[in-house]
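Novice: The structure that follows is given in the form of structure tokens.
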Amino acid sequence: MKRLVLPLLALLAVSGCSHRYYAEDLKSLSEADQGANKTVADDGTVSFKQGRLEISLRPMTDEELNRQFADYSSEGPNSRNPYTFGNSTYFRSGETPQRFTVFRVSVSNYEYPKVYLDPTKIYITTSNGRKYYSLTLGMLEVYYRRYILGGSGGNAPGVTGVAYNVWNERDAILRRTMFADEQLFSAQDRVGYLVFKPLAMDVDKLTVHISDVVVRFDYQGDPAESIDIEMHFEREIGRIYPDGSKVASGR
């Protein structure tokens with residue numbers, strides 16, 4: 001028995017002194033690193049312009065999303081905010097876990113008769129080879145539906161109660177605020193959120209690919225001309241130790 005206990009005590013002692021990983025919020029790279037026809041605003045928004053067509057992208061922090069949906073973000077794990085864990089915190093660190101990676105995308109079309117940006121074709125590639133695809137409303141509905149049925153992820157016919165009301169409110173917010181999968185006609189603007197899985201802790205640089213933005217259609221309404229757009233972001237990652245000190249990766 002002693003042979004088992006002593007190694008366990010040693011393991012606990014080592015783990016008590018071990019570090020954990022951290023990642024800061026995403027920030028845009030400089031205009032020089034973004035490429036042609038792109039500008040970077042003071043708030044970190046990256047904008048692509050072609051004539052009077054403008055497509056902008058900005059990474060959202062959990063704090064911003066909680067302020068955006070303040071009435072839905074103060075109930076811990078049962079927060080009705082569909083983009084974050086609200087004011088939930090880990091027991092030991094006191095930090096709030098990240099539920100999703102969220103970008104605010106806006107499109108302003110004063111150049112073409114109509115344009116089409118398909119949110120399902122937007123994806124992220126990272127400098128260390130990872131890839132993330134944008135999540136659809138249907139995917140997020142399935143993700144949240146499992147909370148109604150204790151993890152089964154079914155359709156929940158006839159289910160009522162608090163869990164269902166929470167799911168219904170989350171679903172309503174997503175439908176109202178996610179970027180719509182619709183054509184954008186001349187002199188129209190659209191704003192909405194793109195949602196991805198949370199980034200792995202080893203991701204420090206990434207590119208958002210806005211692929212196949214259709215700007216011209218033929219007489220049958222089929223795509224005749226499209227453009228691909230890339231926008232670049234980064235964040236600091238590293239280790240944090242029990243005394244609170246941080247060491248960024250590469251240092």
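Quick note: the coordinates plus some simple rules give every number you see, no bench work behind them. Note that the structure is a prediction, hence the values are computed from the model and not measured. For neighbour counting, all protein chains shown are included, and Cβ atoms are generated from backbone atoms with ideal geometry for every residue, glycine included.
Novice: Hey, can you grab everything whose amide H is under 5 Å from the amide H of Ser226? Only 5+ residues off in sequence or another chain; H modelled, so Pro and N-termini drop out.
Specialist: The list, which skips near neighbours in sequence, is Val215.
Novice: In whole Hz, what ³J(HN,Hα) sequence does the range 25-40 give by Karplus (6.51, -1.76, 1.60; θ = phi - 60°), x for Gly and Pro?
Specialist: Coupling constants for the range 25-40: 5, 5, 9, 6, 6, 5, 4, 4, 8, 8, x, 5, 6, 10, 10, 10 Hz.
Novice: Continuing with this model, one more query. Could you grab the relative contact order for the range 178-251? Cα pairs under 8 Å, six or more apart, rounded to a whole percent.
Specialist: On the way: 81 pairs, mean separation 16.7, N = 74.
Computed value for the range 178-251: 23 percent relative contact order.
Novice: Another question, if that's okay. Over the residues of the range 25-235, compute the C-alpha Rg and express it relative to 2.2 N^0.38 Å. Don't skip to the answer; put the middle values down first.
Specialist: On the way: Rg = 18.5 Å, N = 211, 2.2 N^0.38 = 16.8 Å.
After normalising by residue count via 2.2 N^0.38 Å, the value is 1.10.
Novice: Over the range 25-235, what is the relative contact order in whole percent, taking alpha-carbon pairs under 8 Å and six or more residues apart?
Specialist: Values: 413 pairs, mean separation 50.6, N = 211.
Relative contact order for the range 25-235 comes out at 24 percent.
Novice: Between the range 165-194 and the range 197-251, what is the C-alpha centre distance in whole Å?
Specialist: Here the two parts' Cα centres lie 21 Å apart.
Novice: Go through the range 136-141 residue by residue and turn each phi into a ³J(HN,Hα) via Karplus (6.51, -1.76, 1.60, θ = phi - 60°); whole Hz please, and just put x for glycine and proline.
Specialist: 8, 4, x, 5, 5, 5
Novice: Another question, if that's okay. Would you mind checking the pairs Lys49/Lys246; Lys121/Lys205; Lys121/Lys246; Lys38/Lys246; Lys27/Lys49; Lys27/Lys114 and listing those with alpha carbons more than 28 angstrom apart?
Specialist: Values: Lys49/Lys246 39 Å; Lys121/Lys205 20 Å; Lys121/Lys246 37 Å; Lys38/Lys246 33 Å; Lys27/Lys49 20 Å; Lys27/Lys114 31 Å.
Violating the 28 Å limit, Cα to Cα: Lys49/Lys246; Lys121/Lys246; Lys38/Lys246; Lys27/Lys114.
Novice: Another question about this same structure. Positive end of the dipole of the range 208-251, charges at C-beta (+1 Lys, Arg; -1 Asp, Glu), about the Cα centre: which of Pro242, Val213, Met231 has its Cα farthest in that direction?
Specialist: So the residue furthest toward the plus end is Pro242.
Novice: At 0.36 nm per residue, minus the direct Cα-Cα distance, what do Asp181 and Gln50 gain on full extension? Give it in nm, one decimal, please.
Specialist: Values: separation 131, 0.36 × 131 = 47.16 nm, distance 2.11 nm.
Full-extension gain reported as 45.1 nm.
Novice: Lys and Arg at +1, Asp and Glu at -1: add these up for the other residues within a Cβ distance under 13 Å of Ile229 and post the number. Please report the intermediate quantities before stating the final value.
Specialist: Values: positive: Lys38, Lys49, Lys121; negative: Glu54, Asp118, Asp212, Asp228, Glu230.
Neighbourhood net charge equals -2.
Novice: I would also like to ask the following. Evaluate Rg over Rh across the range 153-244, taking Cα atoms for both radii and Kirkwood's formula for Rh. Walk me through the numbers before you get to the answer.
Specialist: On the way: Rg = 20.4 Å, Rh = 18.2 Å.
For the range 153-244, the value is 1.12.
Novice: Need the full-extension length gain, Ser18 to Glu225, defined as separation in residues times 0.36 nm minus the C-alpha distance. One decimal, nm.
Specialist: Numbers: separation 207, 0.36 × 207 = 74.52 nm, distance 5.41 nm.
Contour length minus Cα-Cα distance gives 69.1 nm.
Novice: Kindly list the residues of the range 99-119 that lie in the label zone of Asp25, defined by a backbone N under 17 Å from the point 7 Å along the Cα-to-C-beta vector.
Specialist: 99-105
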